[in-house]
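Structure, as structure tokens:
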Number of protein chains: 4
Amino acid sequence: MRDIGIGIIGTGFMGKAHAFAYRAVAGIFPDSPRPVLQTVADIDGAAAQKAAAQFGFRRWQTDWRAVVEDPGIEIVSITTPTLAHREMALAAIAAGKHVHCEKPIAPDAGTAREMMEAAETAGVVTQVGYNYIKNPILKLARSMVEAGELGDITGFRGIHAEDYMADAEAPHGWRLDPAGGGGAIADIGSHIIGLARFLLGPITEVNADLQTMVASRPAAPGASERRAVEVDDIARLTVRFARGCGGTIEANWVATGRKMQLAFELTGSRGSLVFTQERLNELLHYRADGDPQRNGFARIEAGPQHPPYGLFCVAPGHQLGFNDLKTIEVAEFLAAIAGGEKNGPDFREAWEIQKVVDAAIDSSRARAWRRIE
Amino acid sequence: MRDIGIGIIGTGFMGKAHAFAYRAVAGIFPDSPRPVLQTVADIDGAAAQKAAAQFGFRRWQTDWRAVVEDPGIEIVSITTPTLAHREMALAAIAAGKHVHCEKPIAPDAGTAREMMEAAETAGVVTQVGYNYIKNPILKLARSMVEAGELGDITGFRGIHAEDYMADAEAPHGWRLDPAGGGGAIADIGSHIIGLARFLLGPITEVNADLQTMVASRPAAPGASERRAVEVDDIARLTVRFARGCGGTIEANWVATGRKMQLAFELTGSRGSLVFTQERLNELLHYRADGDPQRNGFARIEAGPQHPPYGLFCVAPGHQLGFNDLKTIEVAEFLAAIAGGEKNGPDFREAWEIQKVVDAAIDSSRARAWRRIE
Amino acid sequence: MRDIGIGIIGTGFMGKAHAFAYRAVAGIFPDSPRPVLQTVADIDGAAAQKAAAQFGFRRWQTDWRAVVEDPGIEIVSITTPTLAHREMALAAIAAGKHVHCEKPIAPDAGTAREMMEAAETAGVVTQVGYNYIKNPILKLARSMVEAGELGDITGFRGIHAEDYMADAEAPHGWRLDPAGGGGAIADIGSHIIGLARFLLGPITEVNADLQTMVASRPAAPGASERRAVEVDDIARLTVRFARGCGGTIEANWVATGRKMQLAFELTGSRGSLVFTQERLNELLHYRADGDPQRNGFARIEAGPQHPPYGLFCVAPGHQLGFNDLKTIEVAEFLAAIAGGEKNGPDFREAWEIQKVVDAAIDSSRARAWRRIE
Amino acid sequence: MRDIGIGIIGTGFMGKAHAFAYRAVAGIFPDSPRPVLQTVADIDGAAAQKAAAQFGFRRWQTDWRAVVEDPGIEIVSITTPTLAHREMALAAIAAGKHVHCEKPIAPDAGTAREMMEAAETAGVVTQVGYNYIKNPILKLARSMVEAGELGDITGFRGIHAEDYMADAEAPHGWRLDPAGGGGAIADIGSHIIGLARFLLGPITEVNADLQTMVASRPAAPGASERRAVEVDDIARLTVRFARGCGGTIEANWVATGRKMQLAFELTGSRGSLVFTQERLNELLHYRADGDPQRNGFARIEAGPQHPPYGLFCVAPGHQLGFNDLKTIEVAEFLAAIAGGEKNGPDFREAWEIQKVVDAAIDSSRARAWRRIE
């Protein structure tokens, strides 16, 4: 397969995760285009230099424009705080690059739409970092829904709860900036909304209640000065799906004790599914037509029978990890660029997710239901 | 301890559960008044006769008024369908009886209030069959909340999901009668609402979305004629508590695969709890102040250190069952009658629960938030 | 059904459990003979008097012979320390009583055999308190084995681990008396050996390693003097079954953190089962012939489809507790006396179990395999 | 850090896992020497060529000697069937290479000793692929044991059970060759023996019972001819550790339904641990000194507080996968070569493990205990 030049902007949690994945992908997916790590950029030059050495980028830069303008780069990966995404993505699109952007791609649906339209007009391929839905066991879940195995879907309970902001002394930062972050609903709510849509399709109505539980936080790490928190710590959504059923969705970043409770229970007339990212290699499955004496939720363990697990390991039950999900995301993006299936989620899907986020914020302010058009 | 005469009206699931419990209680609770099973009544005389023989009642009747009027009976236990509760309870109260009534006590809050006021005016003791909160491990949970061990409570996710109505061929019946049953929100929603109040106190606001998933059911068991379903199969509530935090509550009787998912996750600034009735002898507990390397949700197993478990079994981990919870309910009722602490839930608490149920139904119709006064 | 007079000797943990069960059984099993609690005996007169009042016995005694000699008593229930069983049981048998004896019935197989032969010669019915195998979900497990559903059984891993002796300050007592108790192998090892036999039939060979982990304990509660421990704290058995497969069995009463880990994993060529008494209402079941993509261990929850669960509760998933298992034991014993099926375990089965215990002790001393004839 | 040339012999399950890990390590461990994938060798040239392309090796070979003789290669990774290890490893050692060899390194302890002595004489660093003990959460487990947190260790129950040979039609192969494979005891028993030693140190005595459950298998994939099975399908070991406590260890490759049950329960006087590789990011931990009302097994989830998890992901609960464990193994090997700590397991440890395997086989044949010197 051909080589494909990669530039990554940002070297934080997600910058590293992207670098791991682009490094790993060709070893796991033998038919994948082969990423060549060209340039990593970070406004902190030392961080950029260190990342370049660690991951084997050929160059590092402090100016992200160098990435966008480099003719040897086909894919621009954007892993900066949300507020910076728009300018970078539009520049990359204008330069004809394919864009891999972390979620949420924008602080509001209007901006997301602008980015989506630019990408679609330019004809570049986009990929957004909703990595959890790349899990082979969730691909199985979706296929069960689509094949009608679970019958008519009657309900969905989705949660994304973690506790990284539970400590009232956790400082302010871009995720708490109402202009750029948007609170738990945007930071992790977008993941569970995306997962709900992945499994069940469009959400058409929402009634949300957003709460700020920690009124103020240190203005900066270690600061004695405190800054009021204007975004939600917890968002509780009641939703209706276009397919007719309803559900609830919660985003919560003050969920003491929870580290990665991206979880759902999905119930249908003929079967049900239960999942939590805390045990990402397992899916609980109930079939209504089982022998009554012997029936119960079966714990399906991920294995080679759930593609592309087998590319990582030929033996079942050996477990994928978080970075492996990112590698699948990258593999699918590369395959789409190479002319294969476009699985997304792309900028259009990110825009759809953002519309639900915006509607939830609006619903909570208005204390009323909102339709999502 | 003194003897106390018992009359039970109804011989179905709950009639039997009451009879088991009244039979068992004095053997488990050595200081309890000793129930004497006087009379069991059922409109089906054969059922009444059979129950009398099985449980050792001295008499059986087809007319419930014989129970209410019997001077040898101090406690009238009402286990009939909801619509019949009011007349029976008011008659029993008028006759000076203490009343043990199954939940919900009434089809609407107005009726519940009438019953509550009659009982309080008459000065009789009332007990309502919200048996799940009698669980020793839930008494521990409540004590943790009350003692502030969990810090400020930030959220509650409550569920009562079962699948006894999941089959579209499950027939119509009194639970589906909008005048008398009220759907999943009344039948099992009242349990999880009651549990939420037990743990966290009053609910002040609700926004609910009720859905009917099975449009029609056989009009009667085995009937080919179908009758439209007018009540909810699933109720999704977003609530606010008087203490400031919010939460979600779901009642669902079409939850394929779930047999007894009365469950919650309760999160506070200093700790969290997770519970499901599917494993009623366990409580998961997380303390935010644990050693970070070794911290995690601890699985507390019920034992003698959680009263009154030790009266059932001196050894920990041996497990209580459903009927044991009912026995605790009866023991507390008898103790209250004998002058001890009134733990309830009494008719006043049942009225409070019913107000939330009514507000949820009203909210769903209006598609708007409702306050609970 | 006819009445049947009961006398219980002993008022400790098991004395109470027997009394609960005899009180409860007729209310749960409508076709059962009706126990009449005649006499309770305890060498501690105050304890006997208190138990009589609590459970409603007509009389209490300090001399157990009064129970054995009472013509109004048909069943003698023996719940004293092991060493006392023989004399009481032989006297009861001699008096023509049916005998319900706690486990182990004797400190060694020779004594157990003597008791068994006496009972069989006299033609009385015997019942031994291996209550855990009365669990409806374990009846299902056994039926699966017997029907061949699991194919050829290839292995069994059985454990009975608790921590009631883990504290080195837990005092000496009859369970630690090598003449009368026999250590963990006798006290709880007999349960898991009994369960292994219940599921898989006779054990023919054993190689055991018994260890004493706490060298000495306070000679009595609160004593400063210490007494050496001569019995095992942990027994590890490798066994072969007559059916051809092998297994391991562990008895452990110093298993820190475990309260009721009576557990097994049973593997066959076509399926497997996993169980722990910590979650006694669940059985995990794997079928080798399941759809590979969707296969996994199914969590079967006990319900009315697993008799006699439905007599306790008509709804699935509501859970039985420890005392309910004892009630089933009593119900089956009463039914056997009334001419029904003799499910046991009777004195013969207790003797068989004791032979395995004895062989394990002998094997450990000899550091060699032992056959069980 | 400096570059270090890698040659891998074999391209199967483990050959790929090694290649993934050597590719990934420098991106995860910033201070690691940087592997340069020089040569991959496989007797099947097409497989070697494909692997070279997939993983980015500079060359491929059909003759493994080309790897051993290449002066640009410092590390020779041996992933072939066991019987081939000795010749390759001795040649690599003779050529002054560091050797990374899959487990078991040899079919018997004598051969393992020869390999160990050659490596130690030559002064090369060796690494054996007991990857599961590289799990950060198991490093925590070991540190708890070593620090005395769990008190005196009283017992260990270890299992490695899978079902890849459960189907009687699974064909013969090198793992079933008594000369070269050694059955379940060698193939996976060596993993759990290694884990037992990692946690608790030397095993001094063993009594084992090995069983062949599938008497014959197809002589080759698809063959109608059958070949008798001479190795064990299940091995059950009772062991004593040098530290005084005992335990059981089971290896089982016909454990229907189990895909990766590498599991243990480790009990001490002050605490206990429970682990299964099925949920490799979790460790259950019980402290005997906890508040009795709130005590229970805590579910510790792996996070950055458990090094080197944080190098893979800065957020807790995100989960490592199987390939990540192999990457840690490689990182530690590279660090040892670079002069850092030698964590092993090296050839000496592999020899120690093999002595236990040999003693178990011998014990089972002799039906007697065996000491391990």
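The values are calculated or read from the model by the stated rules, or taken from the named source; none is laboratory data. This is a predicted model, so every value here is computed, not measured. Note: ideal-geometry Cβ built from the backbone for every residue, glycine included; neighbour counts use all protein chains shown. Ligands, DNA and RNA are excluded from the accessible area calculation, which covers all protein heavy atoms including side chains. Shrake-Rupley method; radii C 1.70, N 1.55, O 1.52, S 1.80 Å.
What to note about this one:
- Fraction of accessible area attributable to carbon and sulfur, the protein assembly as shown (%, probe 1.4 Å): 49 percent
- Rounded to the nearest 10 square angstrom, B:His318 shows an accessible area of 10 square angstrom against a 1.4 Å probe.
- Computed from backbone phi, the HN-Hα couplings of region C:185-202 come to 4, 7, 6, 10, x, 4, 5, 6, 5, x, 5, 4, 5, 4, 7, 10, x, x Hz, rounded to whole numbers (Karplus: 6.51 cos²θ - 1.76 cosθ + 1.60, θ = phi - 60°; Gly and Pro given as x).
- Across region A:286-373, the relative contact order, built from alpha-carbon pairs under 8 Å that are at least six residues apart, equals 12 percent.
- Counting Cβ atoms of other protein chains within 10 Å of each Cβ in A:298-310 and taking the mean gives 4.
- Per-copy distances of the B:Gln305 label point, shortest first, in nm (7 angstrom along Cα→Cβ): 2.1, 3.8, 4.3
- Mean partner shielding of peptide C:258-267, defined as the number of other chain Cβ atoms within 10 Å of each residue Cβ, is 5.
- Counted over region D:3-131, the DSSP beta bridges are approximately 0% antiparallel.
- Ranking D:Leu262, D:Tyr286, D:Ala298 by Cα position along the charge dipole of region D:256-298, where only Lys, Arg, Asp and Glu carry charges on their C-beta atoms, puts D:Leu262 farthest toward the positive end.
- Its relative contact order, with pairs defined as Cα atoms under 8 Å and 6+ residues apart, puts chain C at 19 percent.
- Shape of chain D from the C-alpha gyration tensor: oblate (a/c of 1.5 or more and a/b not above b/c, with a ≥ b ≥ c the square roots of its eigenvalues).
- Between region B:48-62 and region C:202-253, the Cα center-to-center distance that results, in Å: 50 Å
- Per-residue shielding of C:361-372, expressed as the average number of other chain Cβ atoms within 10 Å of the residue Cβ, stands at 1.
- Cα-based shape type of the protein assembly as shown, given that a ≥ b ≥ c are square roots of the gyration tensor eigenvalues and the cut on a/c is 1.5: oblate
- Three-way shape label, region D:289-361, alpha-carbon gyration tensor, a/c 1.5: oblate
- 222 nm mean residue ellipticity, helices alone, for chain A (DSSP H n ≥ 4; -39,500 (n - 2.57); rounded to 500): -10000 deg cm²/dmol
- Total formal charge among the other residues, if their Cβ is under 13 angstrom from that of C:Thr82, Lys/Arg +1 and Asp/Glu -1: -2
- Other-chain or far-sequence residues with amide H under 5 Å of A:Arg227's (modelled H): A:Arg217, A:Ala219
- In the context of the full set of protein chains, chain A has a per residue accessible area of 32 Å² (1.4 Å probe).
- Count, lysine Cα pairs under 14 Å in chain D, 8 or more residues apart or across chains: 6
- Here B:Trp64 sits with roughly 40 square angstrom of accessible surface, probe radius 1.4 Å.
- Summing Cβ point charges (Lys, Arg +1; Asp, Glu -1) relative to the Cα centre of chain A gives a dipole of roughly 360 debye.
- Length-normalised contact order for region A:3-129 - Cα pairs under 8 Å, 6+ apart - percent: 23 percent
- Residue order for D:Ser32, D:Ser216 - accessible surface, 1.4 angstrom probe, largest first: D:Ser216, D:Ser32
- Teacher prompt: B:Arg58 distances to equivalent labels in other copies, 7 Å Cα→Cβ, nm: 1.9, 9.9, 10.1
- Residues A:Ser269, D:Ser363, sorted by accessible area with the largest first, give A:Ser269, D:Ser363 [1.4 Å probe; ligands and nucleic acids excluded].
- Note on D:Asp63 and D:Ala94: with the Förster distance fixed at 25 Å, the Cβ-Cβ geometry gives a FRET efficiency of about 0.95.
- Considering only chain D, the C-beta nearest to the rotation axis that sends D to B is found at D:Ala298, 2, the distance in whole Å.
- Radius of gyration and maximum dimension Dmax of region C:3-128, Cα, Å: 13.6, 39
- The solvent-accessible area of A:Thr62, taken with every protein chain present and a 1.4 Å probe, is close to 70 Å².
- Spatially, region C:262-287 and region D:316-373 are offset by 31 Å when compared through their Cα centroids.
- The simple Förster model, with R0 at 51 Å and r as the Cβ-Cβ distance, assigns C:Asp289 and C:Glu225 a FRET efficiency of 0.25.
- Ascending list, in nanometres, of distances separating the A:Asp31 label from those of the other copies (7 Å, Cα toward Cβ): 4.3, 6.4, 7.5
- Residue order for C:Asp108, A:Asp209 - accessible surface, 1.4 angstrom probe, largest first: C:Asp108, A:Asp209
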